[in-house]
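Derivation of every value follows stated rules applied to the coordinates shown; laboratory data play no part. Just so it is clear, the model here is predicted, and its values are computed rather than measured. Positions of Cβ are generated from backbone atoms using ideal geometry, with glycine treated the same way; all protein chains shown enter the neighbour counts.
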Amino acid sequence: MELLARIREALSSELNPNGILEILKREHQEASALMDLVEQSHPGGRARTATFEKLASSLLAHLAGEDDVLYPALEKLEGTHDMALEAREEHHVIELLVAELRAEQTRGEAWMAKFHVLTENVEHHVREEEEKFFPKSRTVLAVELQVEMAAAYAIARDGHLAEQNQAGARSRGR
Ligand SMILES: [Fe+2]
Ligand SMILES: [Fe+2]
């Protein structure tokens with residue numbers, strides 16, 4: 001990231017610790033920690049499945065919350081329109097990979113190969129967001145709006161999480 005963008009980023013997060021972009025960055029760190037835990041888990045063990053499920057549900061809720069709250073606002077603005085469209089497509093690829101990983105019963109070597117493709121896609125997407133998309137967003141979204149969006153995002157994300165938990169409970173009860 002260029003120096004000016006880094007300074008702007010640091011200043012803005014200090015002024016605006018409760019803005020949507022700060023929440024999203026914290027969740028990126030959580031996802032990264034969960035991906036490491038899956039990586040270190042025993043092949044086929046219960047911990048692998050449990051940790052992956054935690055990652056999958058929080059990641060999908062994060063993507064859906066961004067799709068609902070952040071991206072629509074940025075798609076309307078000239079400076080961020082194309083980036084937002086591309087980011088949505090990256091979400092789509094991540095969602096497909098998560099669905100395939102969830103559907104797979106055996107979680108050994110082949111599963112791990114696909115999981116690595118997921119982590120590469122997530123890491124790439126997070127890098128694009130944090131190094132290009134979010135710094136650009138700070139220049140087009142007012143600080144007050146970023147705080148309002150944080151509240152709307154939390155509601156959207158939690159709604160998606162609850163939906164997934166219900167769907168999970170239904171499929172377990174079958
Ligand atoms: Fe994100
Ligand atoms: Fe995203």
From fewest to most C-beta neighbours within 10 Å, the residues Ser57, Ser32 line up as Ser32, Ser57
Note on the stretch 1-130: alpha-carbon gyration tensor, axes a ≥ b ≥ c; rule is a/c under 1.5 for rounded, else prolate if a/b larger than b/c, else oblate; result prolate
Least to most buried among His42, His116, His160 (fewest other Cβ within 10 Å first): His42, His116, His160
Under 1.5 on a/c is rounded, so check that first for the stretch 70-174, then, if it is not, pick prolate when a/b is larger than b/c and oblate when it is not; a ≥ b ≥ c are the square roots of the alpha carbon gyration tensor eigenvalues. oblate
Name the most mobile residue of Leu70, Leu60, Leu141, meaning the one with the largest mean-square fluctuation, in a Gaussian network model of the chain with Cα contacts below 10 Å. Leu141
Dipole magnitude (debye, nearest 20) for the stretch 18-166, charges at Cβ of Lys, Arg, Asp, Glu: 440 debye
Which of the helices in the chain, when you take each full DSSP H run, stretch at least 20 Å along the axis at their Cα atoms and have an average Kyte-Doolittle score of -1.0 or higher? 20-40, 46-65, 81-103, 109-128, 143-173
